Amino acid sequence: MKFKAVIFDMDGVIVDTERFFHQKRLDYLENMGIDTSSFPRSYFAGGRMRDMWPFLLGERYHEEDAETLQADYTAFKESTNYSYHDLLFSDAYDLLDFLKIENYKIGIASSSDHKQIQRCFDEGGIGNYFDVACSGEDFKETKPNPEIYLKTMEMLGVSPEETLIIEDSSMGIEAGKSAKATVWAIRDTFFGLDQSHADRLVESLTEVKEILNRSSGKSADRS
């Protein structure tokens, strides 16, 4: 079946924020006196910090402190000098142009909050490409829970069989597969992620475009 919609994760798929923030996040946690040496890199990819605090702090964690911890981390993140324009993968525009020309419905389903998604749209100049944007902050549980993808598909008016999801993290892949959609993963070479459950591994967004182009019987060099 030809896909009618493509739904993207944001961090690590549209923008190279996962690697950018990895060391900064570790520095922040070290300053809090939290030893992260026992946590693999993959632990921090694709999830929300608000869900990690109980595991990072262990017996030091108290639920009533969750909002304060998250607010402090958010303030740290926002104080970091970066632009989504600089972190946007260079082939994102080309793929998004192609999808619009070919009349795909386009959504984003990210664990990031709405403020960060909107900032990515504004600074990256990509907001007009997307028909729907869903944030993990709207759900009690986010990835690997499939709810965020099920809701995004509902808002786009498509079935799982008509949907292609582009992911990178293990949790995101699991969420997409649990939602019964087809999941392609951008191959990870940094975090050591388990991407074995993806339907297909691709090297880049350019390869996504090339495969979709071939499946429609059109030349791969069309822009």
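Any read-out appearing in this document is the output of simple, stated calculations on the displayed coordinates, not a laboratory observation. Given the structure is predicted, the values throughout are model-derived calculations rather than measurements. Methodologically, a virtual Cβ is constructed for each residue, glycine included, from the backbone with ideal geometry; neighbour enumeration extends over all protein chains shown.
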(message) If I ask for residues that are of a type in the set (A, V, I, L, M) and in contact (Cβ under 8 Å) with a residue 40 or more places away in the chain, which ones from the range 136-174 would you list?
(response) MET153, MET155, LEU156, VAL158, LEU164, ILE165, ILE166, MET171
(request) Exactly one condition in (1) within 19 Å of TYR104 (Cα to Cα); (2) of a type in the set (Phe, Trp, Tyr); (3) surrounded by fewer than 23 Cβ atoms within 10 Å (Cβ to Cβ) is not met by TYR149; state its number. (result) (3)
(request) Just name the residue that is surrounded by the most Cβ atoms within 10 Å (Cβ to Cβ) out of those in the range 108-128 that are small (Gly, Ala, Ser) and assigned to a helix (DSSP H, G or I). (result) GLY124
(request) Please indicate, with yes or no, whether at least one residue in the range 16-24 is of a type outside the set (D, E, K, R), within 29 Å of GLU207 (Cβ to Cβ) and in contact with a Leu (Cβ under 9 Å, 6 or more places away or on another chain). (result) yes
(message) Suppose we filter LYS105, LYS24 for residues that are of a type in the set (Lys, Arg), surrounded by 16 or more Cβ atoms within 10 Å (Cβ to Cβ) and touching a residue at least 40 places away in the same chain (Cβ under 8 Å); which single one remains?
(response) LYS105
(request) Those residues that are closer than 22 Å to GLY136 by Cβ and loosely packed, with under 14 Cβ neighbours inside 10 Å, I need them from the range 83-102; list them, please. (result) none
